[in-house]
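Scroll down for the structure; my scribbles are underneath it.
The numbers here are math on the coordinates, done by the rules we state, and not lab data. Bear in mind that the values here come from a model prediction, so they are computed numbers and not experimental data. No Cβ is skipped: glycine too gets one built from the backbone with ideal geometry, and neighbour counts run over all protein chains shown.
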Amino acid sequence: MHRPTMLHIAKRKRKESLFPQVFLNAVAELADLAFVENGDELDNAELTRLIRGADILLLAHHHVRVPDEVADNPGRLKYFCGLTGSMRAFVGERHVRSGIPLTNWSVPTPEAGMSVAEGALALLLAMLHDIHARVQHVRRGGGKLDPAGYGGRLFRLDVGVYGCGLIGRRFIDLIRPFGPTLLVYDPFVRNLPEGCLRADSLETLFRRSKAVVIHAGLTDATRGSVTRDLLAMLPDHAVIVNTARGGIIDQDALFDELRSGRLRAGLDVLEPDNLPEGHEARQWENLVWTAHNVSGAPWPTGGAEPAELNNFQQICVDNLRRFVSGEPLQGTMNVERFRLST
């Protein structure tokens, strides 16, 4: 096989943090990578021409959407290589059905999904222990909080898990040592992790849980599925954690519950995924909002370039190596998996 060409077309400027030099060096050993910026300014014909002229399209945050025409006539294109998680913004079912393989970071390596699962656990513990409220109280000069309205422990807690894909299973593994009762709702998963109980509906999940942690993908079926009625089934002081997608929850209903002080929430995502400056929710003691950053980052480098590939980059490079050498790709998406992915 000739040395493949690889292309990334950013809507505007490429997101530099996604492409550190250590990643670019690893890719350069396998393919010739080119970047095109301001892709939003290209007309459909030019965009299609560029994509058809490459062997591999490198998909990551802020990439342009691939024209449908590419699915029908891909030209030289042989592989959609996803560097990040969500692919829906870049390709559709038509591209997946075309036979051009599509991969992302969702490969069952020991590290895959762990950063988001760890973030979900951090939010759950923070809300159960009212860390945000306690910090604010101390900063105002206070001491202990009134135990009548605060408190909770993960030990033997009734925890509902909505969505049991890769990240949901990682989360379950992390909280097992606390001995919670684990109730899981995911109609698409046949076999639940050991020790988990299956909820036959979201109503059952919310009625029997003191904390609900959301790991479902955002689809037509899940959008707005956490309704006002479901939230009302939770007991007073219950906790909602969402590190998946904000659109899964009726946000107005949740904010009404938080405003009243009845529930607590650790949210990494919102719908839309932002809070305006000065929004009242920024001051609520019973809400921790992490602005889509809960998965964290590698150990601080003091501004220096990373010296090692992160997990996402390693999976991408490994699949690129497999593609070049003719080996089977890992984590190739089919239509069913694509539909269930966020």
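Brief remarks on what is shown
- For the chain, DSSP calls about 5 percent of its internal beta bridges antiparallel.
- Note on the chain: helix-only mean residue ellipticity at 222 nm, from DSSP H runs of 4+ residues weighted -39500 (n - 2.57) and normalised by residue number, equals -8500 deg cm²/dmol.
- Inter-part distance where the range 148-189 and the range 94-140 are each reduced to a Cα centre, Å: 14
- In terms of surrounding Cβ atoms within a 10 Å radius of their Cβ, ASP273, ASP268, ASP220 rank from fewest to most as ASP220, ASP273, ASP268.
- Charge context of MET333, other residues only, Cβ under 14 angstrom, K/R +1, D/E -1: +3
- Among beta bridges from DSSP that stay inside the range 1-103, the antiparallel ones total about 5%.
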